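The values are calculated or read from the model by the stated rules, or taken from the named source; none is laboratory data. Because the structure is predicted, anything quoted here is derived from the model rather than measured. Glycine gets a Cβ as well: all are built from the backbone with ideal geometry, and neighbour counts include every protein chain shown. In case anyone asks, the SASA skips ligands and DNA or RNA and just uses the protein heavy atoms, side chains included. Shrake-Rupley method; radii C 1.70, N 1.55, O 1.52, S 1.80 Å.
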Amino acid sequence: METSKFNDQLLSFLQASPTPFHATKTMSDELRKAGFVELSENDNWIIEEGGKYFVTRNASSLIAFTTPTLDVSQTGWRMIGAHTDSPCLKLKPNAHVERFGYHQLGVEVYGGVLLHTWLDRDLSIAGRVTFKDNSGAVTSRLVDFKKPIAVVPNLAIHMNRGVNDGFSVNPQEEILPILCGVENTFELHALLVERLKKEHEGLDISHVLDFELSLYDTQAPALVGLHEEYICSARLDNLLSCFVGLQSLIDSDFQRPSLLICTDHEEIGSLSACGANGPFLDDVLRRLSPNPEQFVQAIQRSMLVSADNAHALHPNYANKHDKLHAPGINKGAVIKVNANQRYATNSETASVYRDIAAEENYDVQCFVVRSDMACGSTIGPITSGEIGVPTIDIGLPTFGMHSIRELAGSKDAFGLYKVLVRFTQRDALISRPA
């Protein structure tokens, strides 16, 4: 695969994935096309040697794996991890707000949102709707309105003269999107029923019971820059890594046990049934290695590449970086290191990754947060702490992380993809003295 084709597919994936539910569905569709068999957690699993499988939980998290051998206690797993969620605005249960002649939506802030970037954007709504059908069954479907149907207008500078001296957004009062004027009738559940029937032909709906809906920016992902050297899109953190991991697994040679895990709720701590701090990965691995001793052997012969975006050196805010650990865009993926284990990288896992990257002639950078600043974290330390797998945290250099629209390099994702394909093909990971 060439860089241009890879990036075209990446942009299509980003466009098709406005929520974790949609991202998981999109990945599931791609895995089916590649011959992976979907498993259900409700069923007994029959895993065959040489098989390719995937399973989802909550329709927002996914694990896919290959089984060239069933004795993973001797081979270990080549694992790639990412997360499906991104900071956003989510509709409250009683979302309809009528104020001063306008129908608006009450929203809750999900994750560490850069709130001001949501102002003056063309917003749509997507997510999961749960309903009762006329037979009495409770079921769910995804919806995506796609077109812009909401906006949060800024306040004119004439009424906020000090705005350029310092600006904050009150999430309870000042970030409510406007849908339409009160001269128009608006009822949210009726709107959702109409949308469900439009997207899912022949659907039998009695009434909507509940929903998990998010707002998102309708501006399409794009290659930008004078020479198209950047990818600009919503949700690069962390759908960028999901896509790279997915393509790496699909394009592996299927000769060594490999696994992709993409979990929800990373942006709020990962503690959920389908988050990295929940039992999803452990549940799957123990079904594949039910013998406790062989399970531990498999984990200790494995390695996890936890892929999440990294902070690139911003030329307008260079003092926010340690100058010796300041990654550049389109200069390679970043190994993330933190002495206090906010990242799970250690010298052995970093060395394995460096060695693989060198085989692909792919540059490696390093990020360490300034010693006078707090450090973020990822699924890496959580997963490593849950199951004990040796882990490295890496990421693609990004500007504007947690903005409604982020910026990454158009060369970096393809380079990481090639390294991760080679990672899935590697025989020896970390050698231990006898």
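What the table shows:
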quantity	calculated
Protein accessible area in the stretch 196-285, 1.4 Å probe - carbon and sulfur %	49
Calculated FRET value between Asp210 and Asn361, using beta carbons and R₀ = 45 Å, to 0.05	0.30
Listed residues Leu249, Leu155, Leu39, most fluctuating in the chain (Gaussian network, C-alpha, under 10 Å)	Leu155
Size of electric dipole in the chain: Cβ of Lys, Arg +1 and of Asp, Glu -1, about Cα centre, debye, nearest 20	440
Contour minus Cα-Cα distance for Asp253 and Val109 (0.36 nm per residue)	47.7 nm
Cα-based shape type of the chain, given that a ≥ b ≥ c are square roots of the gyration tensor eigenvalues and the cut on a/c is 1.5	oblate
Percent RCO, i.e. relative contact order, over the chain, from Cα pairs under 8 Å lying at least 6 residues apart	22
Dipole magnitude of the stretch 209-310 about its Cα centre (Cβ charges: Lys, Arg +1; Asp, Glu -1), debye to nearest 20	480
Cα centroid separation - the stretch 237-307 against the stretch 364-401, whole Å	16
Which of Thr67, Leu11, Ala23, positive extreme of dipole for the stretch 1-69 (C-beta unit charges)	Leu11
Residue (of Ile356, Met401, Thr391) at the positive-pole extreme of the stretch 288-416, dipole from beta-carbon charges	Met401
Per residue, in Å², the accessible surface of the stretch 259-392 once ligands and nucleic acids are set aside, probe 1.4 Å	45
Across Lys92/Lys147; Lys52/Lys198; Lys147/Lys323; Lys147/Lys320; Lys33/Lys336, pairs whose alpha-carbon gap is larger than 32 Å	Lys52/Lys198; Lys147/Lys323; Lys147/Lys320; Lys33/Lys336
Neighbour count of at most 14 Cβ within 10 Å plus DSSP loop: longest GluC sites (Glu not before Pro)-free window in the chain	230-434
Residue with peak Gaussian network fluctuation, the chain [Cα springs, cutoff 10 Å], from Phe414, Phe13, Phe295	Phe295
Residues of the stretch 375-416 with amide N under 15 Å of the 7 Å Cα→Cβ point at Ala222	405-408
Residues of type aspartates and glutamates that Lys132 reaches as a straight line, Cα spacing below 14 Å, ignoring anything fewer than 8 places off in the same chain	Asp204, Asp210
GNM result for the chain, Cα springs below 10 Å: residue of Asp29, Asp393, Asp85 fluctuating most strongly	Asp29
